[in-house]
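One structure follows; several queries about it will come next.
The values are calculated or read from the model by the stated rules, or taken from the named source; none is laboratory data. Treat the numbers as computed from the prediction; the structure is a model and nothing was measured. All Cβ positions, even for glycine, are placed from backbone atoms using ideal geometry, and neighbour counts span all protein chains on display. Just so you know, the surface numbers come from the protein's heavy atoms only, side chains and all, with ligands and any DNA or RNA stripped out. Shrake-Rupley method; radii C 1.70, N 1.55, O 1.52, S 1.80 Å.
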Amino acid sequence: METRDLRWFQQVADGITLTELSEVEGTTQPGVSRALARLEQEVGTALLHRSGRTLRMTHAGAAFKRHVDTLLHELDDGLAAVHQLVDPETGTVTLAFHSSLGTWLVPDLVSSFRADHPEVRFLLRPRAEATDTSVGARSGIDLELSTMRPHPGAARWSRLAVEPLLLAVPAGHPLTDHDEPLDLADAADEPFVLFRPGSALRERTDELASRAGFTPQRAFACEDLATARAFVAAGLGVCILPPGPTSRTDASPAQLRYLRLADRLAVREIGLAWSEERQMLPAARLFHQHVLERASQDYYTNSRVW
């Protein structure tokens, strides 16, 4: 069935005359009549009958029109949604990000981008500090801000910045007496606040401890940075953490001390991942370009965050 024929049937059934419809559509009355006759042939029964100078719906036509209304309504909504996606200035970007980046990097990137593109919408997908990527041909994710490089072949990846990893200890802890960067082996006997196995920060902690020749003693396991900071501030252990902006939900800076580590590998990379198998629509391409340009200016390397 032709969508045009369905629309013409809908309008005639709603009371528009053939004359009015032909004028609006820029066609002839016989052309409209042939389209309606073709539709009736496809349905297999009469949908309209003439009452004086007006066409009225038959019982079959009234039953059919309810479904035509629903169909065309859904179609129009779908076309509007596609228009929003395709138009770079009114499209939608689906952005995944590791949770530790949600308090500073994501707000900055989104707000700075929307200063120039205020109509672009974002679907934000926070995720745990996993060691794999969520982007893929069928993932529904346009871009991902990640603290781990994807496995080779899984996705494209561009480094945005390198962030130091520090040892967080409670205020007044004996290790704070060190003036020089700390050898992590000096904390081997300390209880550690660790992240769940399989998370990026847990993997980095285990790697750094292994390089220092010990296995961390787990005091508590946490899911997020704010909880880990609070546990350290309460004197429940030490923790390897990235520095970050303080907030009302974080432990007070007065209760924590961040100690530099001597290991040159005590860092984590922050990058942007995307799949070449997934078509990046115009709005996502604009945001992709914005992120890379902001990183190329060393904005985050020089940020107060670290």
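Could you give the accessible area per residue of the chain, probe 1.4 Å, as a whole number in Å²?
53
Per 0.36 nm of contour for each residue apart, how much would the distance between Asp179 and Arg260 grow if the chain were fully extended, relative to their Cα-Cα spacing?
Gain in length upon complete extension: 28.2 nm.
7 Å from Cα along Cα→Cβ at both Arg121 and Glu25: what's the point-to-point distance in nm?
3.2
With θ set to phi - 60° and the Karplus curve 6.51 cos²θ - 1.76 cosθ + 1.60, what are the ³J(HN,Hα) couplings of the range 158-166 in order, to the nearest whole Hz, using x for Gly and Pro?
10, 6, 9, 6, 10, 10, x, 9, 10
Which value, in Å² and to the nearest 10, is the accessible area of Leu18 when all protein chains are kept and the probe is 1.4 Å?
Ignoring ligands and nucleic acids, Leu18 comes out at about 20 Å².
Can you tell me the length gained on complete extension of the stretch Arg114 to Ser158, counting 0.36 nm per residue apart and subtracting the Cα distance?
13.7 nm
Still on this structure: With a point put 7 Å past each Cα toward its Cβ, work out how far Arg66 is from Thr3 in nm, to one decimal.
With each label placed 7 Å out from Cα toward Cβ, I get 2.5 nm.
Would you please give the residues with an amide H less than 5 Å from that of Gly91, counting only those at least 5 places away or on a separate chain, with H modeled from the backbone geometry?
Arg121
Taking all protein chains in place and a 1.4 Å probe, what share, in percent, of the accessible surface of the chain do carbon and sulfur account for?
Taking all protein chains in place, the chain shows 49 percent carbon and sulfur surface.
Can you figure out the FRET efficiency of Leu292 with Arg53, using R₀ = 51 Å and their beta-carbon distance, to the nearest 0.05?
0.20
What distance in nm separates the two pseudo spin-label positions at Glu207 and Val82, each 7 Å out from Cα along the beta-carbon direction?
4.4
Further, regarding this structure: Under the rule of at least 5 residues apart or a separate chain, name every residue whose amide H is placed under 5 Å from the amide H of Asp183.
Counting only residues 5 or more places away or on other chains, the set is Ala262.
Choose one of Leu143, Thr27, Pro126: the residue whose Cα lies farthest towards the positive end of the charge dipole of the chain (beta-carbon charges +1 Lys, Arg; -1 Asp, Glu; about the Cα centre).
Final value for the positive-end residue is Thr27.
Going by accessible area, probe 1.4 Å, with all protein chains left in place, what is the ranking of Val82, Val193, largest first?
Val82, Val193
Where both residues lie in the chain, what percent of DSSP beta bridges are antiparallel, nearest 5?
60
In the full protein assembly as shown, how much of Met280 is accessible to a 1.4 Å probe, in Å² to the nearest 10?
Estimated to the nearest 10 Å², Met280 gives 30 Å².
Continuing with the same structure: (i) 22.8; (ii) 14.7; (iii) 18.0: which one is mean projected area of the Cα convex hull in nm² as calculated from this entry?
Structure-derived value, by its label: (i).
Could I ask something else about it? If the elastic network links every pair of Cα atoms under 10 Å, which of Glu190, Glu277, Glu40 fluctuates the most in the Gaussian network model of the chain?
Glu40
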